[in-house]
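Inspection log for the structure reproduced underneath, given as structure tokens.
Bear in mind that the values in this text are calculations on the coordinates, not laboratory data. Note that the coordinates shown come from a computational prediction; the quantities given were computed from them, not determined experimentally. Every residue, glycine as well, gets a Cβ built from its backbone with ideal geometry; the counts of neighbours run over all protein chains shown.
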């Protein structure tokens with residue numbers, strides 16, 4: 001009985017608490033983040049008051065839902081690591097229409113894929129890759145051009161699914177990549193990190209010899225310097241030439 | 001008796017194979033997958049050969065006998081088609097459409113290549129979708145009480161095509 | 001010129017010798033090995049003999065082992081924009 005009342009009182013306390021975005025730990029974010037959904041006017045972040053609580057509708061700019069969308073998620077030509085690929089397919093109208101809303105709401109995050117592995121990052125993030133990237137040196141600027149998602153607090157632009165042809169002739173629906181003209185994501189090679197030396201003793205049966213293998217892996221560190229979403233005009237201008 | 005040398009049924013009775021008497025649903029599903037894969041292979045072979053024109057075939061195939069057979073086959077088809085048309089006119093509209101489609105399919109096949117093996121397989125063997133569950137998962141065995149045993153009792157059953165059973169059993 | 005892309009999925013261990021012979025004639029030595037043969041009635045007959053063991057696709061072009069490997073490799077997802085010298 002007592003426990004039930006205690007629980008109820010706790011529940012009441014929970015319901016009395018303000019929504020999570022007003023809690024002190026989140027308040028810092030709110031002060032700097034604009035929640036404006038208007039496309040054309042982007043207010044200065046500093047002018048925004050901290051109690052701006054009009055929640056903008058959760059809208060998803062899912063390009064996969066529109067029939068004309070596959071262009072943004074179309075199978076892009078395979079680029080090599082030196083020259084970028086040039087996608088020539090037109091951007092879907094729905095994407096063009098809703099992209100400004102996403103663009104207006106900062107900050108953005110991106111799910112960038114490096115060697116098909118996803119990294120959810122935002123501007124200023126440091127990525128420690130799980131491998132040593134060959135052919136780059138600290139200070140090199142990498143352009144990340146494969147992303148499956150770009151989003152902000154309220155909007156998400158997701159790549160549509162594409163048919164992935166398997167070795168046995170079957171096809172599997174798999175998430176594709178967004179059109180690389182929609183965004184600019186640059187990362188700088190900051191340096192490399194190395195793990196402490198590991199020793200492993202290898203033995204074989206019926207043999208007294210013990211072999212010790214040493215391994216010390218290096219990992220490349222990247223820093224996301226720039227993450228911007230292009231406006232439809234910029235995209236048009238880029239695709240013209 | 002407890003211990004490593006206790007009398008168990010395999011020890012006391014000689015050979016005892018622990019094969020379950022029926023297949024589990026997942027084994028049946030995998031079996032269906034295998035059947036479909038074989039159907040798929042045969043369909044691929046058939047369609048690839050049908051597309052292949054005799055004049056594009058490798059030199060080994062272009063002997064005179066085959067060319068003659070091909071020409072005769074085309075003539076035969078044309079004659080059959082004429083007959084079929086005459087028959088269809090007598091029967092009515094519905095029959096005509098079906099007959100024409102069949103003749104056209106045969107003509108298309110005649111244009112390309114095929115092998116006797118594949119034709120025979122297509123004529124005799126049911127596809128996975130056409131098979132009855134009874135034939136998919138069991139086979140005829142004269143020593144069994146109801147003349148049927150699980151297909152998994154057949155040696156190398158995952159790598160052989162066993163789809164037909166004696167009629168009536 | 002169309003080709004059959006043949007991949008050996010199941011081994012012929014324990015099957016009649018002739019099956020293993022057909023596989024050897026097709027050039028399939030181990031599981032998951034892939035070979036290309038031009039579409040012809042002879043090759044179709046060979047494939048038919050081992051149809052339970054292989055996967056077949058009709059393709060327009062033949063690929064070398066290196067090309068198949070490249071086609072499986074995922075997109076790197078980056079390119080070097082500026083280099084520091």
How would you classify segment C:3-68 from its alpha-carbon gyration tensor, with a ≥ b ≥ c the square roots of the eigenvalues: rounded for a/c under 1.5, else prolate if a/b is greater than b/c, otherwise oblate? oblate
One finds, for residue B:141 and residue B:32 with R0 = 25 angstrom and r their Cβ-Cβ distance, a FRET efficiency to the nearest 0.05 of 0.70
As an exercise, use a Förster radius of 22 Å and the Cβ-Cβ distance of residue A:201 and residue A:128 to find the FRET efficiency, rounded to the nearest 0.05. 0.20
Peptide-level mean, for A:140-147, of C-beta atoms on other protein chains within 10 Å: 5
C-alpha center-to-center spacing [segment C:11-75, segment A:115-172] in angstrom: 35 Å
Per-residue mean of other chain beta-carbon atoms within 10 angstrom of the beta-carbon, peptide C:53-65? 3
Classified through the alpha carbon gyration tensor (a ≥ b ≥ c as square roots of its eigenvalues; rounded if a/c is under 1.5, else prolate when a/b is larger than b/c, else oblate), segment A:148-241 comes out oblate
Largest first and to the nearest Å, give the Cα extent of segment A:172-218 along each principal axis. 62, 37, 9
Which shape class applies to segment A:98-147: rounded if a/c is under 1.5, otherwise prolate when a/b exceeds b/c and oblate if not, where a ≥ b ≥ c are the square roots of the Cα gyration tensor eigenvalues? prolate
Site residue A:238, offset 7 angstrom along Cα→Cβ, radius 16 Å on amide nitrogen, limited to segment A:186-226, gives A:186-187, A:225-226
Give the average, rounded to an integer, of partner chain Cβ atoms located within 10 angstrom of each Cβ in C:12-25. 1
What full-extension length gain, to one decimal in nm, is calculated for residue C:33 and residue C:83 as 0.36 nm per residue of separation minus the Cα-Cα distance? 13.9 nm
